[in-house]
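First the structure, in the form of structure tokens, and then the observations on it.
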Amino acid sequence: MTERKPSIKLNMALNVILTISSIIFPLISMQYVTRVLGPDGMGKVYFATSVITLFSMFAELGIPVYGIRACARVRDDRAALSRTVHELMLINLITCVAVYIVFAAALVSVPVLRQSRALLMIMSSGMLLNALGAEWLYKALEEYRYITIRTIFFKTAALAGIFALIRQKDDYVLYGTLTIFAAAASNLLNLLRLRRHIDWRSHGGFVLPAAELKKHIRPMLVIFMMLVATAVYTNIDMLLLGVMKGDTETGLYGVSVKIKLGMVNLVTAASAVLMPRMSYYIGRGRAEEAGDLIEKTLTAVCLIAFPLVCCIVMLAPECISLLAGSEFAGAVMPMRVIMPAVIFIAISNIAGMQKLIPMGHEASVTRAAWIGACVDTALNIFLIPAFASAGAAAAAMITESVVMLCLLRSVRLAEGRSMFKGIPLPGIIIAAVMAMPACIPAVKTDAVLIVRTVAAGCCYMAVYALLIWLVWAKWTNNRKEHHK
């Protein structure tokens, strides 16, 4: 197989387009479904999504992350790539069957799950389709053009289905079905296209000796423990909130979380494509190229994340009114509290997923994730009874900051220097904060909601751009003087 080197800039651009679509489609649908289903119906779907996410972590056993690294390192050898895919898919199918058995028992024996049995059964189909779709292979091969076109097509179909079929509050089961449609259809198409990249017959299909599977187990389990911990501290808040405070508070918090996730996806769009290329570079001893790639990406992420968070915090009431309606006014405070987590997650993503894991330091990432899981669980138990959705938001924000600090410490220990060396981080933070008052004049006008919100955002970004230009000019001059 010839060496594949898709343009990293093209990959980033395609992933940005894909990420923007993943933000726009939910935002468009949210304005409609929140008004039809209300906080109660939305809370049921968010609760079911959290439950399925936790079961899916066990069914996947770390393969979505490990598979990218393992396949990227052998992608120039079709025979080795075929063997790797066979082995990982077989392991995935075995774990999937085991998880379905436990899931079925939970549906029968746990009252809170039994109440949402129909919705949970439908949404659980995604676990099997994920095992068959091998999305990690296409990411390892950096086929972002195919991934982008495919995903946008199916998301468009799902969006059309939402507007055509969701008509009343009782349609929350149908809405839950449509939320997994794009991923399910994508995985089916992936399965049909596998022959383009791997051979089945030459390696005996799925009939493989146990010895061939064992070599994957240890690194997969380390990554799996990391993903389980991450799933715990990113979903336990929704579960505990639903149990302690009911569907309405869960629905309010779910809206703020959904907006936060949209911002996270936007900020991390460029860095998300780095893992296969980083694994490829590190596997061939090209550490300098890997380091340059990380520094440039981290700089871009900081330049985007800090102003985006500050702007959204200022415009939280307007954003909630536009996206969910006045019925979700209670989501403003949770949204403001949780938004700084966008910055922490973006930095953690680069430190952990794009740097430590390609370097083989999965244990450090796993340790940070479990610290986060413990911190988040304790904070939620303490804060939710007193502060409801705002307490869950505070727990999530604090937890993400703790995880980020743990990962940055691991990077420093692994490389002997800070990951932020060479980046004007203080100047970026100061510029982002100083630009916040620029939103106020536009917000206080009598213009319609969408006009004053967009105007306020534009005013903020204009002031931030001016300030960051001054910061960058001063930083560049200081670097030149330092090198003389």
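The values are calculated or read from the model by the stated rules, or taken from the named source; none is laboratory data. Note that the structure is a prediction, hence the values are computed from the model and not measured. Counting neighbours? That spans all protein chains shown, and the Cβs are built from the backbone with ideal geometry, glycine included.
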Item to check | Residues of the stretch 148-174 satisfying the condition of being more than 21 Å from GLY251 (Cβ to Cβ) and among the aromatic types (Phe, Trp, Tyr) | outcome: PHE153, PHE154
Checklist entry - Got a sec? Which of LEU81, LEU159, LEU141, LEU132 is more than 25 Å from ASP247 (Cα to Cα), surrounded by fewer than 21 Cβ atoms within 10 Å (Cβ to Cβ) and either in contact (Cβ under 8 Å) with a residue 60 or more places away in the chain or more than 26 Å from the chain's Cα centre (by Cα) (or both)? => result LEU141
Next on the checklist: I'd like to check which helices (runs of 4 or more DSSP H) are fully inside the stretch 127-187 and have at least 3 residues that are closer than 16 Å to SER22 by Cβ.
Outcome noted: 144-165
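Suppose we filter MET419, MET397 for residues that are assigned to a loop (DSSP other than H, G, I, E, B), in the same structural domain as THR250 (by TED's automatic domain parsing) and either among the aliphatic types (A, V, I, L, M) or more than 15 Å from LYS355 (Cα to Cα) (or both); which single one remains?
Working: MET397 fails: assigned to a loop (DSSP other than H, G, I, E, B).
Unique residue meeting the criteria: MET419.
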Item to check | Filter result (surrounded by fewer than 23 Cβ atoms within 10 Å (Cβ to Cβ) and of a type in the set (Asp, Glu)) within the stretch 378-432 | outcome: GLU415
Checklist entry - Any idea which of ALA363, ALA390 is aliphatic (A, V, I, L, M) and over 29 Å from ARG73 (Cβ atoms)? => result ALA390
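Regarding ILE468, is this residue modelled with pLDDT under 90, aliphatic (A, V, I, L, M) and in a helix (DSSP H, G or I)? Show your work before the answer.
Working: modelled with pLDDT under 90: yes; aliphatic (A, V, I, L, M): yes; in a helix (DSSP H, G or I): yes.
Criteria met by ILE468.
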Checklist entry - Under 7 Å by Cβ, and 6 or more places apart or on different chains, what pairs join a residue from the stretch 214-239 that is more than 27 Å from MET42 (Cβ to Cβ) with one that is of a type outside the set (Asp, Glu) and outside any helix (DSSP H, G or I)? => result MET220/LEU61; MET220/GLY62; LEU221/GLY62; ILE223/GLY62; PHE224/LEU61; PHE224/GLY62
Next on the checklist: Cβ contacts < 9 Å: first residue of a type in the set (S, T, N, Q), restricted to the stretch 319-340; second residue in a helix (DSSP H, G or I), any location; separation 6+ or different chain. Result?
Outcome noted: SER321/PHE328; SER321/ALA329; SER321/VAL332; SER321/LEU449; SER321/THR453; SER326/ILE320
Next on the checklist: Among the residues that make up the stretch 292-299, is at least one of them farther than 30 Å from ARG35 by Cβ, modelled with pLDDT of 90 or more and either assigned to a helix (DSSP H, G or I) or not β-branched (Val, Ile, Thr) (or both)?
Outcome noted: no
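Okay, residues lined up against (1) touching a Leu at 6+ places or on another chain (Cβ under 6 Å); (2) within 19 Å of MET123 (Cα to Cα):
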| residue | (1), (2) |
| --- | --- |
| TYR32 | no, no |
| ARG35 | no, no |
| GLY67 | yes, no |
| THR95 | yes, yes |
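Return the only residue of THR95, THR53 being within 25 Å of PHE153 (Cα to Cα), in contact (Cβ under 8 Å) with a residue 12 or more places away in the chain and polar (S, T, N, Q).
Values: THR95 fails: within 25 Å of PHE153 (Cα to Cα).
Selected residue: THR53, the only one of THR95, THR53 that is within 25 Å of PHE153 (Cα to Cα), in contact (Cβ under 8 Å) with a residue 12 or more places away in the chain and polar (S, T, N, Q).
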Checklist entry - Does the stretch 92-122 hold any residues that are in a helix (DSSP H, G or I), surrounded by 16 or more Cβ atoms within 10 Å (Cβ to Cβ) and polar (S, T, N, Q), and which are they? => result ASN92, THR95
Checklist outcome for this item: Only one of (1) within 24 Å of THR34 (Cα to Cα); (2) in contact (Cβ under 8 Å) with a residue 60 or more places away in the chain; (3) among the β-branched types (Val, Ile, Thr) does not apply to THR148, and that is (1)
Next on the checklist: Scan the stretch 10-23 and tell me whether some residue there is assigned by TED's automatic domain parsing to the domain that holds ILE180, more than 30 Å from SER326 (Cα to Cα) and free of Cβ contacts under 8 Å to residues at least 40 places away in the same chain.
Outcome noted: yes
Checklist outcome for this item: Within the stretch 178-201, of all residues that are under 12 Å from LEU81 (Cβ atoms) and surrounded by fewer than 19 Cβ atoms within 10 Å (Cβ to Cβ), the one modelled with the lowest pLDDT is ASP199
Checklist entry - In this structure, is ALA351 under 21 Å from ASN265 (Cβ atoms), at pLDDT below 90 and surrounded by fewer than 21 Cβ atoms within 10 Å (Cβ to Cβ)? => result no
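What number of residues within the stretch 63-88 satisfy the criterion of being basic (Lys, Arg) and either not in a helix (DSSP H, G or I) or not assigned by TED's automatic domain parsing to the domain that holds MET225 (or both)?
Just the residues of the stretch 63-88 that are basic (Lys, Arg), to begin with: 69, 73, 75, 78, 83.
With either not in a helix (DSSP H, G or I) or not assigned by TED's automatic domain parsing to the domain that holds MET225 (or both) added as a condition, the list becomes 75.
Qualifying residue count for the region: 1.
Return yes or no: is MET419 over 30 Å from GLY254 (Cβ atoms) and within 24 Å of the chain's Cα centre (by Cα)?
Working: over 30 Å from GLY254 (Cβ atoms): yes; within 24 Å of the chain's Cα centre (by Cα): yes.
Answer is yes for this residue.
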